[in-house]
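Novice: Dropping the structure in here first, questions after.
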Amino acid sequence: MTRSLGVCYYPEHWPEEIWSQDAARMAEAGLTWVRIGEFAWSRLEPTPGQLEFDWLDRAIAVLGAAGLKVVLGTPTATPPRWMLDRHPDMLAVDAQGHPRKFGSRRHYCFSHTGYLGECQRIVTLLAERYGSSPHVAAWQTDNEYGCHDTIHSYSDAARSAFRDWLAQKYQSMDALNRAWGNVFWSMEYASFDQIDLPNLTVTEPNPAHVMDFRRFSSDQVVAFNRAQARIIRRYSSAPITHNYMGRITEFDHWAVGADLDIASWDSYPLGFLSDRLEASATHKAAFLRQGDPDFQAFHHDLYRGVGRGRWWVMEQQPGPVNWAPYNPAPLPGMVRLWTWEAFAHGAEAVCYFRWRQAPFGQEQMHAGLLRPDSAPAPALAEAAQVARELTDAPEQGCAPGDVALVFDYESAWAWTTQPQGADFDYFRLCFAWYRALRRLGLNIDIIPPDAEDLSPWRLVLAPGLFTLSDRLRAALPSCRGAVVFGPRANARTRDFAIPDPLPPDLPGLDAKVARVQSLPPGASEMLDTGGSFVHWVEDIETTAETPIRRQDGSPALIRHDAMHYLAGWPDDATLTEILRGICADQGIATLDLPPQLRLRDSGGRRYIFNHGDETIVWQGRSIAPAGVDIRAID
């Protein structure tokens, strides 16, 4: 697999006379890809029907002449102001009933058919014009679905579409009322037209109602993206991607990815550390200028799965960003480390955001590879260094993981709908298990909840899985080793009811969750091996083997043959040791990595990353701060 670098560029922001100079500097730095166009609708169509593509023609020609390949974005994330005059009801509405308004971006409702038609029109025009261009080598649909809390809309358009979605799913009101359990609190409906959106209720709405609304909202994103992808495919054979974000769980990325050729995501390690990660102040201080050692890797592995092996970083942080609560600069060498980390996890390309820092608009404080005065910013040299290193690096694929982790977006929706404890967050739970595996030096594949073949792995983990799908249940015997389900797994039916038999209802495992309790910060349940359960504890009735118990004798970890169930949420150190023991049982070798070190095996090489700010000596070799050590695997 060939690996390459790129950058995000906005020719409409800069005088045309400097485009060729910019393109030459990009090529000189070793960049190959340039993403353009994803926010340019107002310049492509200043007024309805007034098409001005000539400038884009020239920009693509200039970039292509410099040997650069273009990723052309569809501009549907930023509808121009005249669009609201044409479709004044296209705006999304938040859960409090407020329209989102014009003045930034992503100001549309996925359910508005008029806006969808406008998107299909502009995408068709772009695909017709550039589908056979020798310089347009890839496409990006829209931009960052879900960013700024924009998946769930409570507009009139969403209400109407939701009713239609329900009518198609349930066919009759009797079926819907039974599925939702609407006899509770006299919530029964006589017609689909009576059903409203689940917001502004006196207290919490019916969780089954909320769950269906979340499914519907995700389906609207899938349909919106599919409409664009199908148009592009009619005119172009170039691959299509979408740039996902970090810790966005409001729509099903697996479903969106089914219509794309490549998954990509926007990696902002310092912004995410500050803005999207539960961690102690000590941890955040230790990695202030490096980012969490596992957060980016989790998404690399997730999107490698979503892309069925093909994935990119479409936006890589090059310096301070503008949107986090605090915005430090990365340590020298971190941009290089982040880039090599992505390649170690199988990325085909890493593109930096952006070429030149903007002197106007909302992102003036967001660094680029160039300063606003066109002088080099620190990241440019690091990008050029990686480009030089790539010329001497062998092509490679990504080695298969030692273990697999199931990640399910419906589970995230379910436990957001009914958390039962303020600390029970599905992403946080899965990330804790992922982080423990990384501490053990393991390579991880993240797989969907309907995986049909588990034979590549000797250990498969599925914490917090809302409902065990028929496909995954049928696949369990194919695992070559152990399967571990975690707290709250298979705890609800798809209609959001407590199942009978009681959870976890796993093949061959005699166990019933008799009672659950959520724990506030500072509270815990001690285990007989040391360590504790935090956040969540389950009382289990079982005849299965019990290798770990709580101090009161209650089962904590149970197993029968290869099937395991962990009846609580261990603290981080305890979870690491529990997984170490299960790995040992399966003959999976583990390490004991220092907190700053992480590794990934790929293409016959072991990549070791020092996320710390001091030199670390490990296995006889010194690894510098923000350093990357690459070794051949024996």
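Residue-wise test of (1) more than 29 Å from VAL7 (Cβ to Cβ); (2) β-branched (Val, Ile, Thr); (3) out of contact with any His (no Cβ under 7 Å at 6 or more places or on another chain); (4) surrounded by 21 or more Cβ atoms within 10 Å (Cβ to Cβ).
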{"residue": "THR201", "(1), (2), (3), (4)": "yes, yes, yes, no"}
{"residue": "GLU204", "(1), (2), (3), (4)": "yes, no, yes, no"}
{"residue": "ASP212", "(1), (2), (3), (4)": "yes, no, yes, yes"}
{"residue": "ASN225", "(1), (2), (3), (4)": "no, no, no, yes"}
{"residue": "ARG233", "(1), (2), (3), (4)": "no, no, yes, no"}
{"residue": "PRO239", "(1), (2), (3), (4)": "no, no, yes, no"}
{"residue": "HIS253", "(1), (2), (3), (4)": "no, no, yes, yes"}
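Novice: Moving to a separate point now. Could you tell me which residue of the stretch 195-249 is nearest to the chain's Cα centre (by Cα), considering only residues that are under 22 Å from HIS98 (Cα atoms) and free of Cβ contacts under 8 Å to residues at least 24 places away in the same chain?
Specialist: Only one residue tops the list, namely PRO198.
Novice: OK, next. Which of the residues spanning the stretch 39-59 are in contact with a Pro (Cβ under 9 Å, 6 or more places away or on another chain) and either at pLDDT below 95 or closer than 22 Å to ALA24 by Cα (or both)?
Specialist: Within the stretch 39-59, TRP55, LEU56, ARG58, ALA59 qualify.
Novice: Oh, and also: Is the stretch 566-585 home to any residue that is of a type in the set (A, V, I, L, M, F, W, C), surrounded by fewer than 21 Cβ atoms within 10 Å (Cβ to Cβ) and outside any helix (DSSP H, G or I)?
Specialist: no
Novice: Tell me which residues, restricted to the stretch 332-389, are basic (Lys, Arg) and out of contact with any strand residue (DSSP E or B) (no Cβ under 8 Å at 6 or more places or on another chain).
Specialist: The answer is ARG388, and nothing else.
Novice: Where residues in the stretch 74-121 are in a helix (DSSP H, G or I) and free of Cβ contacts under 8 Å to residues at least 12 places away in the same chain, which of them is farthest from THR241 (Cα to Cα)?
Specialist: If we take residues in the stretch 74-121 being in a helix (DSSP H, G or I) and free of Cβ contacts under 8 Å to residues at least 12 places away in the same chain, then ASP85 is farthest from THR241 (Cα to Cα).
So that you can scan it fast, the table gives a plain yes or no per residue for (1) surrounded by fewer than 22 Cβ atoms within 10 Å (Cβ to Cβ); (2) closer than 22 Å to LEU270 by Cα:
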residue	(1), (2)
ALA324	yes, yes
ARG354	yes, yes
SER374	yes, no
VAL386	no, yes
GLY397	yes, no
SER411	no, no
GLN418	yes, no
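Novice: Which of the numbered conditions does ARG492 fail, given that it passes all the others? Conditions: (1) more than 30 Å from ASN182 (Cα to Cα); (2) in a loop (DSSP other than H, G, I, E, B); (3) among the charged types (D, E, K, R); (4) modelled with pLDDT of 95 or more.
Specialist: Of everything listed in (1) more than 30 Å from ASN182 (Cα to Cα); (2) in a loop (DSSP other than H, G, I, E, B); (3) among the charged types (D, E, K, R); (4) modelled with pLDDT of 95 or more, ARG492 misses just condition (1).
Novice: Any residue in the stretch 460-478 that is more than 16 Å from GLU410 (Cβ to Cβ) and part of a loop (DSSP other than H, G, I, E, B)?
Specialist: no
Novice: Here's a follow-up. Need the failing condition index for HIS87 against (1) touching a helix residue (DSSP H, G or I) at 6+ places or on another chain (Cβ under 7 Å); (2) farther than 23 Å from PRO198 by Cβ; (3) surrounded by fewer than 17 Cβ atoms within 10 Å (Cβ to Cβ), just the number.
Specialist: The one condition HIS87 does not meet is (3).
Novice: From ALA157, ALA137, ALA167, which residue is in contact (Cβ under 8 Å) with a residue 12 or more places away in the chain and in a strand (DSSP E or B)?
Specialist: After ruling out the rest, the residue left standing is ALA137.
Novice: Using beta carbons and a limit of 6 Å, which pairs, at least six apart or on different chains, have the first residue in the stretch 607-634 and surrounded by 11 or more Cβ atoms within 10 Å (Cβ to Cβ) and the second one among the charged types (D, E, K, R) and part of a strand (DSSP E or B)?
Specialist: Going by the 6 Å Cβ cut-off, the qualifying pairs are TYR607/ARG600; ILE608/ASP629; PHE609/ARG598; ILE623/ASP629; ILE630/ARG605; ARG631/ARG606.
The values are calculated or read from the model by the stated rules, or taken from the named source; none is laboratory data. Every value quoted in this text rests on a predicted model; they were computed, and no experiment measured them. All Cβ positions, even for glycine, are placed from backbone atoms using ideal geometry, and neighbour counts span all protein chains on display.
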